[in-house]
Structure formats: C-alpha cells, structure tokens
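To start, the structure itself, in structure tokens.
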Ligand code: NAD
C-alpha cells in the first residue's frame, strides 16, 4: 500500500467518476492529492479541491500554482477532465467543436504547461492522460469526441518524446464504457428508451461496463514507480471492446 508514499499528485476532473476514483486510490496508496475541478465542493479530505476551468488558461495557472504550493511540489499529473459530444460531422457546429476541443485537448495542454516545471523538478515526474477507445475505434455518432481523443493520443506520444530526457514519463489510458455519471447522461439522451444500462452492458464483451475503480487502477499503475520504464503508451481498459472479436470472421 505504499506505492505513492511521499508523492504529490494533481488530478483534473477529480470531483466525479474516473477522476474521483483515481484521486481516492492515489490517496489510499499514500499520495498527497489535489483535485482541480469546475465543481470542487464535493471533494472531501484527505483530498484538497481547487476550483479551475481547464478551458481557461488563467484559471488553470492560478489553480495549479495554489495546488503545488499546498502540496509542496508535484510528482504526478492526471489530465482527466473531459466532456462528451454526440453526432456526425453534420450535427455539431463550429462552436461545439471549439468547446469540446478547448476542454479535452487544450485543457491538457494548459494544465501540463503549468505543471511541467514542477514535474521536472521532481526528477521522476509522471503524466497520465485520460484518453478513450474513441481515439482509434471508429465509433458511430462520435465524430467530434473521437477527434478530440485522437488528439489526446497523439499529444500523449509527442509529450512523451519531448520530456523523456527530463525524467518525465507520459502515458494515457483508453477506457471503454465506464460506469460514471457521464454514462447516465448518455443514456438519458439516448433516442431509444430500450437502450438502457442493461442493454448497454449486454453489448460489451464482458457483459458489463468497466468500473471507475478499474480505470483508476490502470492510471495509478502508469503514474507509479512500478511503471518506471513505460512512457509513450496507451493502456486499454475497455473490457476487451477493441481487442476481442467474439464471433468468428
Ligand atoms: P464525469 O462527468 O463523471 O467527470 C468529469 C469531471 O470533469 C467532472 O467532475 C467535471 O466537473 C470535470 N470537468 C468537466 N469539464 C471541466 C473543465 N472545463 N474544467 C475542470 N473540470 C471539468 O466523467 P467521467 O466518465 O469520469 O470522465 C472522465 C474522463 O474519462 C473524460 O476525459 C472522458 O472523456 C473519459 N472517458 C470516459 C468514459 C466513460 O465511459 N465514462 C470512457 C472513455 C473516456
């Protein structure tokens, strides 16, 4: 239980879902953890919440500075805040594209830019980005979201190359369908009322959704010294959604 003993971590979007499970797991493993979120009021001790909008550079710079000062340094950055979008290229207008790319892609750029000097100073910095199987899967009705996560994947690889000689590792996780409030919102918006949680789970290879704790476990591994030789990788946490073909071709 001591993988993160003495380490200081920052989790964006850590007030809900995957980010919350990750922040709680890192804290349980001995890290000091700060959470950056639009809605930090629900964040409870031992986590410390800071209000930040990752689509606003000044807000990110202020919150990262406050969080790093509170932690007394930074070893781990989890870029997890993200928003969804449904539809084909005909369904989302330019404003929606700008909004989603601003949060999902530029949000990572802004937070990383503010955190990098501290991660370098740590001597063993680790960044984990929450990407998605949408980055590579060709999912229907997800043009904008998939493009944003495709950018997160490429950004992860480029950042890994840029900072490897500075002792900063950069990896991402590619979750499948994860049981968080996000999926509840998706189901609420589904055009077919029969498309409920049970139907969604039944279509997964495992017959169930991925849990937020399972994604948190993968993120924690990539953030921890246990993965010290791993950088520039994407770890699927999708219950076999991408890798398995259950029916013969
Ligand atoms: P969630 O909605 O439960 O949590 C997202 C958190 O991010 C919330 O606390 C929200 O307040 C915060 N947030 C949103 N916009 C923000 C902003 N501009 N600035 C700061 N914080 C902001 O969602 P989740 O399912 O836990 O998703 C987390 C990440 O996982 C996202 O990047 C998402 O794309 C990715 N993901 C989710 C799934 C899934 O099925 N749930 C699958 C693949 C990838």
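Coordinate-derived values only; no laboratory data. Computed from a predicted structure; not experimentally measured. Cβ coordinates were reconstructed from backbone atoms using ideal geometry, including for glycine residues, and neighbour counts include every protein chain displayed.
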Ranked by how many other beta carbons lie within 10 Å on average, peptides 197-207, 26-36 from highest: 26-36, 197-207
Expressed as cubic angstrom per residue, what is the convex hull volume of the alpha carbon set of segment 110-172? 67
Work out the FRET efficiency for residue 2 and residue 86 from their Cβ-Cβ distance, taking R0 = 45 Å, and round it to the nearest 0.05. 0.60
If you line up the long axis of helix 17-28 against the longest principal axis of the chain, both from Cα atoms, how many degrees apart are they, to the nearest 10? 40
Helix-only mean residue ellipticity at 222 nm, the chain, DSSP H runs n ≥ 4 weighted -39,500 (n - 2.57), per residue, nearest 500. What is it? -13000 deg cm²/dmol
Given a 10 angstrom Cα cut-off, can you work out which residue in 23, 135, 190 is the most mobile in a GNM of the chain? 190
What is the order of 122, 42, 55, fewest Cβ neighbours within 10 Å to most? 42, 122, 55
I need to check one value: relative contact order of segment 82-219, counting alpha carbon pairs closer than 8 Å and at least 6 residues apart, in percent. 25
Given the peptides 103-112, 84-93, arrange them by the average over their residues of other C-beta atoms within 10 Å, most packed first. 103-112, 84-93
Under the rule rounded for a/c under 1.5, else prolate if a/b exceeds b/c, else oblate, using alpha carbon gyration tensor axes a ≥ b ≥ c, segment 179-249 is classed as oblate
Stretch residue 93-residue 39 to full length: gain in nm at 0.36 nm per residue minus the Cα-Cα span? 16.8 nm
Work out, step by step, the length gained on full extension between residue 221 and residue 204: first 0.36 nm times the residue separation, then minus their alpha carbon distance; give nm to one decimal. 3.7 nm
In nm², what is the average projected area of the convex hull enclosing the Cα atoms of segment 127-220? 6.8
Along Cα→Cβ, 7 Å out, is where each label goes; now give me the distance between the ones at residue 185 and residue 229 in nm to one decimal. 4.1
Note the angle between two axes, namely the Cα long axis of helix 212-223 and the longest principal axis of the Cα atoms of the chain, as a number of degrees from 0 to 90, rounded to the nearest 10. 40
As a footprinting exposure proxy, order 45, 149 by other Cβ within 10 Å, with the fewest listed first. 45, 149
What's the exposure ranking of 74, 155, going from fewest to most Cβ atoms within 10 Å? 155, 74
Taking 25 Å as R0, compute the FRET efficiency from the Cβ-Cβ separation of residue 65 and residue 157 and round it to 0.05. 0.35
Take every Cα pair under 8 Å in the chain that's 6+ residues apart, average their separations, divide by the length, and report that relative contact order as a whole percent. 19
Compute the distance from the alpha-carbon center of segment 1-79 to that of segment 187-236, in whole Å. 21
With just the Cα atoms defining each centre, how far is segment 118-136 from segment 151-169? Give it in Å. 8
Once you compute Rg and the Kirkwood Rh from C-alpha atoms, what is the Rg to Rh ratio for the chain? 0.96
To the nearest 10 degrees, the tilt of helix 106-122 (Cα long axis) against the first principal axis of the alpha carbons of the chain is 30
